[in-house]
1. Quick one: is residue 173 at pLDDT 65 or above, in a loop (DSSP other than H, G, I, E, B), touching a strand residue (DSSP E or B) at 6+ places or on another chain (Cβ under 7 Å) and under 22 Å from residue 282 (Cβ atoms)?
2. Being within 19 Å of residue 63 (Cα to Cα), in a strand (DSSP E or B) and in contact with a helix residue (DSSP H, G or I) (Cβ under 7 Å, 6 or more places away or on another chain) is the filter here, so list the residues in segment 79-127 that pass it.
3. If I ask for residues that are over 28 Å from residue 211 (Cβ atoms) and surrounded by 14 or more Cβ atoms within 10 Å (Cβ to Cβ), which ones from segment 162-187 would you list?
4. Is it the case that some residue within segment 7-26 is modelled with pLDDT of 75 or more and either under 30 Å from residue 195 (Cβ atoms) or surrounded by fewer than 13 Cβ atoms within 10 Å (Cβ to Cβ) (or both)?
5. Quick one: which residue in 99, 75 is surrounded by 14 or more Cβ atoms within 10 Å (Cβ to Cβ), touching a residue at least 24 places away in the same chain (Cβ under 8 Å), touching a strand residue (DSSP E or B) at 6+ places or on another chain (Cβ under 6 Å) and more than 22 Å from residue 46 (Cβ to Cβ)?
6. Residues that are at pLDDT below 90 and exposed (fewer than 13 other Cβ atoms within 10 Å of the Cβ), at least 1 per element: which strands (runs of 3 or more DSSP E) completely within segment 221-298 meet that?
């Protein structure tokens, strides 16, 4: 096991340690989720499996409710990634909506190096639609290892040198999702958004950036199963389509009947509990782009 794998495991272990400390208080709900994402996505070429632990205290209206979000990802090619997030949501009963903010530390290893970034986000949540905005900033210089290839199989003393550099991309995204159909425990959501990615370090004196669109359909079967179809399109990564299935088993660790709040206060409206269980929408995998440059001796 190489040092990069050790680094990913250490970060995930720290995430679990922080989560254990967070849930040591009473009235805390833990929402563990396991999901599988198939096909390549925005800045990565393989699908991956995710284990997520989302924890927050028992929610009440007109109060700030903090949360901790811990994620570990294992790519189909054996690489690792992780996210550690903290945030808070405030449900304003007069307007029947919630406002939230969050900060995440994101980690990703690849055969080209280790990449890290800080993400910040804001969200507006209602019964029928949600709005999220996120920004992403690399922690270090964002460069992977430089790969060099020399081509000298020419007549004469001619040489072409190829330089390849993998770089993490900073940027931001925004999404609006709305309920398209709801009946009983079944909900069907549709979402559309935009994103902007850029290599702000101007590698080889050449800044690469793109603006793209993303679209998502999600079918929720109660609080337990979600099936998603995702599509992104831009000029660098082109069009990429993914499928995702999630299994969630929410439980209150300490006090049975925590979710009675819904029936007590909202009567037959249970969207408040579902809203607090909904993890922040963001790009959880750091996008990496490959830059290529050639130099010659002629």
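1. Details: at pLDDT 65 or above: yes; in a loop (DSSP other than H, G, I, E, B): no; touching a strand residue (DSSP E or B) at 6+ places or on another chain (Cβ under 7 Å): yes; under 22 Å from residue 282 (Cβ atoms): yes.
Against the criterion (at pLDDT 65 or above, in a loop (DSSP other than H, G, I, E, B), touching a strand residue (DSSP E or B) at 6+ places or on another chain (Cβ under 7 Å) and under 22 Å from residue 282 (Cβ atoms)), residue 173 does not qualify.
2. If the condition is that a residue be within 19 Å of residue 63 (Cα to Cα), in a strand (DSSP E or B) and in contact with a helix residue (DSSP H, G or I) (Cβ under 7 Å, 6 or more places away or on another chain), then 89, 91, 98, 125 are the ones that fit.
3. Taking segment 162-187 and keeping what is over 28 Å from residue 211 (Cβ atoms), we get 162, 181-187.
Across segment 162-187, the qualifying residues are 182, 187.
4. First, pick out the residues of segment 7-26 that are modelled with pLDDT of 75 or more: none.
Looking for residues that are modelled with pLDDT of 75 or more and either under 30 Å from residue 195 (Cβ atoms) or surrounded by fewer than 13 Cβ atoms within 10 Å (Cβ to Cβ) (or both), one finds none in segment 7-26, hence no.
5. Working: 75 fails: more than 22 Å from residue 46 (Cβ to Cβ).
Selected residue: 99, the only one of 99, 75 that is surrounded by 14 or more Cβ atoms within 10 Å (Cβ to Cβ), touching a residue at least 24 places away in the same chain (Cβ under 8 Å), touching a strand residue (DSSP E or B) at 6+ places or on another chain (Cβ under 6 Å) and more than 22 Å from residue 46 (Cβ to Cβ).
6. Details: elements: 225-234, 238-248, 288-296.
Strands (runs of 3 or more DSSP E) meeting the threshold: 288-296.
The values are calculated or read from the model by the stated rules, or taken from the named source; none is laboratory data. Keep in mind it's a predicted model, so treat the numbers as computed, not measured. Counting neighbours? That spans all protein chains shown, and the Cβs are built from the backbone with ideal geometry, glycine included.
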